[in-house]
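A short worksheet on the structure shown next.
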Amino acid sequence: MNVLEKINEAVSFLEGKQVPKVGVGIILGTGLGNLLEHVEIINEISYSDIPHFPVSTVEFHKGKLIHAKHNGKEMLIMNGRFHYYEGYSMEEVVFPVRVMRKLGVTKLLISNAAGAVNLDFSKGNLMVIDDHINLQSGNPLRGENFEEIGPRFPDMSQPYSRNLQEKIHQIAVREGVSDLVKTGVYVAVDGPNLETRAEYRYLGRIGADAVGMSTVPEVIAANHAGMEVAAVSVLTDECDPDNLAAVDIADIIAVAGKAEKVLSKLFLGLIEEL
Ligand code: HPA
């Protein structure tokens with residue numbers, strides 16, 4: 001079965017579960033589920049029930065597709081994403097993005113946890129992603145291209161919507177959190193190990209402001225399918241090669257937990273304006 005047939009089966013299943021055509025999709029990153037506390041949940045479906053959805057293996061991922069509403073605006077939320085480091089193929093990692101597109105999503109908001117490579121940024125800051133560098137070893141568009149999904153050679157000159165970035169910064173000003181909200185370049189690596197000091201130094205030199213293990217495959221698939229993308233990194237640790245503390249995953253999750261309240265404000269503010 002090819003990817004188009006798999007998408008169609010997943011979409012038919014979700015339509016059978018009364019999941020409607022919704023224009024806005026959200027992918028919530030690791031430990032960033034706070035937004036769910038502020039929206040009205042209409043329906044939730046476990047990934048394990050959806051045909052061809054990979055099943056989320058990382059324990060803190062709940063693995064649900066959620067149809068929700070906020071101030072009259074409806075959205076589809078992926079609570080839990082699929083990481084390449086978990087062993088999924090790139091095609092599996094981006095499958096939910098393609099299903100969302102077929103369900104009508106044209107605007108995709110993505111969050112992730114990332115390390116701050118730019119030493120002007122602090123842990124607990126949020127970084128609106130303006131551009132990326134893909135250092136992952138796979139590409140979701142490799143292999144046969146289906147023109148029904150998108151072109152063989154998609155443009156990447158502006159993968160993150162300027163318009164959505166500006167709106168996020170305006171909301172940050174309005175909410176009084178603009179001192180916490182930065183802009184920068186996200187570099188995606190395979191993981192799952194964190195970086196060595198030499199790797200952080202290298203990432204800084206090639207132009208990274210933040211580094212993480214997700215998001216870029218989804219952004220590539222979303223651009224391929226003609227979607228408008230906004231993505232925000234929650235910066236959970238400071239990657240100073242000359243002063244590198246051993247990373248404590250519990251600390252990363254705790255920092256993410258605090259900063260995600262700001263993230264929820266930005267995303268909910270943006271959804272109101274879409
Ligand atoms: N490197 C890669 N991924 C990450 C980091 C990091 O320092 N922090 C959070 N996710």
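The values are calculated or read from the model by the stated rules, or taken from the named source; none is laboratory data. Everything numeric in this text was worked out from a predicted model, so none of it was measured. All Cβ positions, even for glycine, are placed from backbone atoms using ideal geometry, and neighbour counts span all protein chains on display. Remember, those area values only see protein heavy atoms, side chains included, never the ligands or the DNA or RNA. Shrake-Rupley method; radii C 1.70, N 1.55, O 1.52, S 1.80 Å.
Taking the numbered list (1) of a type outside the set (S, T, N, Q); (2) over 26 Å from Leu141 (Cα atoms); (3) surrounded by fewer than 21 Cβ atoms within 10 Å (Cβ to Cβ) in turn, Leu32 passes all entries but (3). Just one of the listed residues (Asn112, Asn79, Asn118) is open to solvent by 30 Å² or more (accessible area, probe 1.4 Å) and closer than 22 Å to Ile168 by Cα, and it is Asn118. Could you go through segment 87-102 and let me know if any residue there is hydrophobic (A, V, I, L, M, F, W, C) and under 19 Å from Leu203 (Cα atoms). Taking every residue of segment 87-102 in turn, none turns out to be hydrophobic (A, V, I, L, M, F, W, C) and under 19 Å from Leu203 (Cα atoms).
It is to be established whether one or more residues within segment 232-242 are within 11 Å of the ligand (Cβ to nearest atom), open to solvent by 40 Å² or more (accessible area, probe 1.4 Å), touching a Gly at 6+ places or on another chain (Cβ under 8 Å) and not aromatic (Phe, Trp, Tyr). Checked segment 232-242: at least one residue is within 11 Å of the ligand (Cβ to nearest atom), open to solvent by 40 Å² or more (accessible area, probe 1.4 Å), touching a Gly at 6+ places or on another chain (Cβ under 8 Å) and not aromatic (Phe, Trp, Tyr). Looking only at segment 169-198, residues that are on the phi > 0 side of the Ramachandran plot and exposed (fewer than 13 other Cβ atoms within 10 Å of the Cβ) come to 1 in all.
Among the residues making up segment 201-220, those that are in a helix (DSSP H, G or I), surrounded by fewer than 23 Cβ atoms within 10 Å (Cβ to Cβ) and in contact (Cβ under 8 Å) with a residue 24 or more places away in the chain are Arg201, Gly204, Ile206.
The single residue among Lys69, Lys107, Lys62 that is among the basic types (Lys, Arg), touching a strand residue (DSSP E or B) at 6+ places or on another chain (Cβ under 6 Å), modelled with pLDDT under 95 and open to solvent by 40 Å² or more (accessible area, probe 1.4 Å) turns out to be Lys62.
Scanning segment 120-138 for residues that are assigned to a loop (DSSP other than H, G, I, E, B), out of contact with any helix residue (DSSP H, G or I) (no Cβ under 6 Å at 6 or more places or on another chain) and more than 13 Å from the ligand (Cβ to nearest atom) gives Asp120, Ser122, Ser137.
Candidates in segment 135-168 are the residues that are touching a residue at least 40 places away in the same chain (Cβ under 8 Å) and aromatic (Phe, Trp, Tyr); of these, the one that is most open to solvent (accessible area, probe 1.4 Å) is Phe146. Among the residues of segment 203-250, how many are hydrophobic (A, V, I, L, M, F, W, C) and touching a Lys or Arg at 6+ places or on another chain (Cβ under 7 Å)? So the count comes out to 5. (1) surrounded by fewer than 15 Cβ atoms within 10 Å (Cβ to Cβ); (2) in contact with a strand residue (DSSP E or B) (Cβ under 6 Å, 6 or more places away or on another chain): which one isn't true of Val19, the others all being true? If we test Val19 against (1) surrounded by fewer than 15 Cβ atoms within 10 Å (Cβ to Cβ); (2) in contact with a strand residue (DSSP E or B) (Cβ under 6 Å, 6 or more places away or on another chain), just (1) comes out false.
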